[in-house]
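Structure record follows, encoded as structure tokens.
None of the figures in this text is laboratory data; all of them are computed from the coordinates on show. Given the structure is predicted, the values throughout are model-derived calculations rather than measurements. Positions of Cβ are generated from backbone atoms using ideal geometry, with glycine treated the same way; all protein chains shown enter the neighbour counts.
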Amino acid sequence: MANGLALKREEYRLQPQWTVPLADLAATERLARAVAEELRAGDLVTLSGDLGAGKTTFARSIIRMLAADPALEVPSPTFTLMQVYDGARNTIVHADFYRLRSGDELFELGWDEATENAITLVEWPEHAEDALKSDRLDIRLDLAPGDSGARIAFLTGSGAFAARLSRLRAFQTIVERSGWADATRLPMQGDASVIRSYERLWKPTGETALLMISPPRPVGPPVRRGKPYTTVAKLAETVHAFVAMDKALRALGFSAPQIFGEDLDAGLLILEDLGSEPVIDANGPIPERYAEATRVLAQLHGTTLPQVLPVADGIDHAIPPYDQEALLIEVELLADWYVPHIMGNQLSGSARAEFVNLWTDALQEILSGPTTWVLRDYHSPNLIWLPKREGLARVGLIDFQDAVLGSPAYDVASLLQDARISVPPDLELKLIGLYARERRAADPAFNVAGFARAYAIMGAQRATKILGIFARLDRRDGKPHYLKHLPRIEAYLARNLAHPALANLKAWYANYLPRLVPVADDTPPST
């Protein structure tokens with residue numbers, strides 16, 4: 001099955017051309033809208049075809065869409081060579097190279113400066129091919145046979161645009177199949193992922209849905225025994241994991257989003273829009289909502305759960321184990337990224353080896369303990385309050401594609417030691433007690449003391465990992481706003497290290513990263 005999927009994905013990637021019949025102006029404008037909604041700053045679209053094929057008409061439709069002005073005057077740039085427009089989100093450059101003899105003539109126009117961060121549309125690109133970048137979308141327009149006035153558009157993606165064009169084609173197929181063809185696409189603010197993005201779809205009726213764009217994850221460089229980090233850390237490689245977990249959670253009565261349309265190979269999903277009402281407010285966690293989110297975990301963890309889930313006909317997803325290899329490579333992110341961020345240098349080889357050995361010892365009781373579905377990012381940004389629903393269904397769940405089989409304590413710590421908002425210690429303790437009571441009510445044999453130890457260990461593991469991730473987001477990915485959360489996570493880590501189960505690790509942190517283990521002031525007050 002795996003080989004079949006790989007071949008199917010390869011076939012998908014090798015289809016950079018899309019042929020679209022355009023029966024009339026309305027069909028032309030529909031295609032122009034689809035292209036316009038795909039374009040981003042820095043994109044290049046070349047328009048080719050014979051005289052009278054409709055290149056300027058097509059460009060005009062795209063520009064009006066990008067400018068959000070259906071009456072915008074868009075003349076042909078044949079004589080001016082280049083026209084610049086202010087779009088709703090980006091500058092738009094519309095050029096006509098018909099009178100050019102080579103790309104050298106563009107220098108006097110300030111071409112590179114004008115197009116660097118703009119969306120650029122070029123008619124007659126073959127007259128200055130040497131001046132154009134290879135990553136682009138080419139649209140060739142030809143008159144259809146006969147005297148109907150219809151046209152045919154041939155879209156070809158080059159370079160990075162090949163995959164984007166394939167996704168655009170897949171998107172048009174699933175929106176037409178699922179009843180969302182008349183919806184407008186609007187970008188949404190991204191999360192910490194570098195491969196996954198979201199858009200909101202708006203129908204003219206006001207109905208909304210979410211478009212999840214999650215193409216197959218590229219294979220990274222080997223970091224451990226020939227395997228890339230994402231494989232070792234058990235991160236989802238394709239959208240199959242999300243689909244499997246989504247269907248499984250909904251089957252249990254939890255409020256994961258309904259899937260309206262999907263293309264598994266393209267990594268596209270049209271999802272129910274659960275809204276944006278949070279479980280927090282300006283003062284921090286809303287206790288009643290956090291309590292309900294805690295009950296969701298207690299209910300989930302008290303259920304006997306399968307380890308292999310259906311995705312589609314003939315396709316299953318085996319939930320991977322949160323094993324020692326995954327847990328260790330995560331804590332090592334602290335050494336890889338956080339330590340250089342704080343100290344300006346790397347740990348010594350002996351210090352790092354001691355760190356890994358201590359964590360290996362601490363994790364043994366976790367690995368031999370009870371397991372359940374670990375949703376892994378169960379915290380406030382991924383929980384949506386649904387006040388019109390009842391009971392546990394009021395907690396909307398998203399972002400669970402990296403789910404693994406591991407300790408029940410992990411997601412409880414993820415919620416009650418939220419990386420992005422401070423959970424007061426008294427509320428944390430109260431909700432740990434709520435979770436324990438709910439579990440014991442369903443299973444009198446539930447080990448409260450064992451859970452408390454696991455909570456401290458997994459809380460420390462998660463905090464250690466996130467310190468490394470947020471430092472990496474700053475240094476590698478250019479997202480410095482994550483650094484503001486470091487003091488909060490450092491405080492969570494110090495709280496967890498106070499547990500006796502982590503005494504040896506606490507000594508290591510105190511020795512090499514003393515800022516993470518505050519020393520109590522035992523000096524008697526002066527009289």
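Compute the FRET efficiency between Q17 and Q307 as 1/(1 + (r/R0)^6), taking r as their Cβ-Cβ distance and R0 = 35 Å, and round to the nearest 0.05. Result of the calculation: an efficiency of 0.25.
So, counting K/R as plus one and D/E as minus one, what does the shell of residues with Cβ under 15 Å around R352 add up to?
Details: positive: R224; negative: E330, E332, D336, E354.
Here the charged neighbours net out to -3.
Going by alpha carbons, how many degrees (0 to 90, nearest 10) lie between the helix axis of 503-512 and the longest principal axis of the chain? So the helix axis and the longest Cα principal axis differ by about 60 degrees. Legend: calculated FRET efficiency, L434 to K479, from the Cβ-Cβ distance at R0 = 35 Å, rounded to 0.05, equals 0.55. In this simple spin-label model, placing a label point 7 Å from the Cα along the Cα-to-Cβ direction at both L386 and A181 gives a separation of 2.9 nm.
Helix 287-301 and the longest principal axis of the Cα set of the chain meet at an angle near 80°.
Report the calculated FRET efficiency for E73 and D24 (r = Cβ-Cβ distance, R0 = 25 Å), to the nearest 0.05. Working from the Cβ atoms, E equals 0.65. Only Cα pairs under 8 Å and 6+ residues apart enter the sum, and on that basis the relative contact order of the chain stands at 11 percent. Remark: relative contact order (the range 172-266) = 21 percent; criterion is Cα-Cα distance under 8 angstrom and separation of 6 or more residues. Using the alpha-carbon positions of the range 177-330, Rg (one decimal) and Dmax (whole number) come out as 17.7, 53 Å.
Sort the following peptides by mean Cβ neighbour count (other Cβ atoms within 10 Å, averaged over residues), highest first: 238-247, 447-456.
In descending order of packing, they fall as 238-247, 447-456.
Per-peptide packing, taken as the mean over residues of other Cβ atoms within 10 Å, places 175-184, 119-128 in the sequence 119-128, 175-184 from highest down. Scanning residues 5 or more positions from Q258 or on other chains, those with amide H under 5 Å from its amide H are E272, with H placed 1.01 Å from N in the peptide plane. Dividing the alpha-carbon Rg of the range 334-454 by 2.2 N^0.38 Å yields what? Expressed relative to 2.2 N^0.38 Å, the Cα Rg reads 1.29. Helix 349-362: angle to the longest alpha-carbon principal axis of the chain, degrees 0 to 90, nearest 10? Here the helix axis deviates by roughly 70 degrees. Rg and Dmax of the range 246-391, based on Cα coordinates, read 19.7, 56 Å.
Under 5 Å between amide hydrogens, built in the peptide plane, is the criterion, and for L22 it picks out R151, I152, A153 among residues at least 5 positions away or on other chains. Label zone (A144, point 7 Å along Cα-to-C-beta; backbone nitrogen cut-off 16 Å) within the range 44-59: 53-54. Counting 0.36 nm for each residue step from K133 to R99 and taking away their Cα separation leaves a gain of 10.3 nm.
Starting with the highest mean, order 287-293, 97-103 by the number of other Cβ atoms within 10 Å, averaged over the residues of each peptide.
287-293, 97-103
The simple spin-label model puts a point 7 Å past each Cα toward its Cβ; for A491 and I286 those points are separated by 2.3 nm. For K247, a cut-off of 26 angstrom between C-alpha atoms picks up these lysines, skipping any fewer than 8 places away in its own chain: K8, K203, K234, K388.
Using a ≥ b ≥ c from the Cα gyration tensor of the range 153-227 (square roots of the eigenvalues), is it rounded, prolate or oblate, where a/c under 1.5 gives rounded and otherwise the larger of a/b and b/c decides, a/b for prolate? Cα axes put the range 153-227 in the oblate bin. Counting only DSSP H runs of at least 4 residues, each contributing -39500 (n - 2.57), and dividing by the residue count of the chain, the helix-based mean residue ellipticity at 222 nm comes to -12000 deg cm²/dmol.
Please state, rounded to one decimal and in Å, the Kirkwood hydrodynamic radius that the range 85-148 gives when every pair of distinct Cα atoms enters the mean of 1/r. Please report the intermediate quantities before stating the final value.
Details: mean 1/r = 0.0750 Å⁻¹.
Here the Kirkwood hydrodynamic radius works out to 13.3 Å.
Determine the gain in length on full extension of the stretch R40-E207; use 0.36 nm per residue of separation and subtract their C-alpha separation, reporting nm with one decimal. Before the final figure, lay out the partial values.
On the way: separation 167, 0.36 × 167 = 60.12 nm, distance 2.48 nm.
Result for the pair: 57.6 nm of gain on full extension.
Compared with the alpha-carbon gap, the fully stretched path from L252 to Q346 is longer by 29.2 nm at 0.36 nm per residue.
Once both labels are positioned 7 Å from their Cα atoms along Cα-to-Cβ, the gap between A445 and A88 label points is 5.9 nm. Let me check I've understood the local charge: for P257, count other residues with C-beta under 10 angstrom from its C-beta, Lys and Arg +1, Asp and Glu -1. What total comes out? Net charge around P257: -2. Here's the list of lysines a cross-link from K484 could span, going by alpha-carbon distance under 22 Å and ignoring same-chain residues fewer than 8 apart: K465.
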